[in-house]
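Peer 1: A single structure is presented below for examination.
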Amino acid sequence: MNTPPMPASAPAHYELRFQSLYDAGRAYAFPCDAAGHVDMDALSSTARDNYLYARTVVGREFSIPAVMVSAAH
């Protein structure tokens, strides 16, 4: 049986999302790879500060981050 080839799709883009523990509408999201690694050198200085802050307050202000497919791309 011949199976037609699958159409090539655009590569997925990912984000590492830190969701607020107290405000459902508040979160930080940073571009990352599928494993959740953020290229800090590619972030602006403000985004880098926010990323480091979010990592510092996991469990106190933000939940453990989740890797998600980015809707921005």
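Nothing in this text is a laboratory measurement; each read-out follows from the coordinates by a stated rule. All figures in this text were calculated on a predicted structure; none of them were measured in a lab. Cβ placement follows ideal geometry from the backbone for every residue including glycine, while neighbour counts extend to all protein chains displayed.
Peer 1: Pull out a ≥ b ≥ c, the square roots of the eigenvalues of the alpha-carbon gyration tensor of region 14-69, then state rounded if a/c is under 1.5, prolate if not and a/b is larger than b/c, and oblate in the remaining case.
Peer 2: Oblate, since a/c reaches 1.5 and b/c is not below a/b.
Peer 1: If R0 is 25 Å, what FRET efficiency do you get for ALA12 and LEU43 from their C-beta distance, rounded to 0.05? It would help to have the intermediate numbers written out before the result.
Peer 2: Details: r = 20 Å, r/R0 = 0.79.
Once the sixth-power term is evaluated, E becomes 0.80.
Peer 1: I'd like to compare 34-43, 15-24: which one has the highest average count of other Cβ atoms within 10 Å, and what's the full order after that?
Peer 2: 15-24, 34-43
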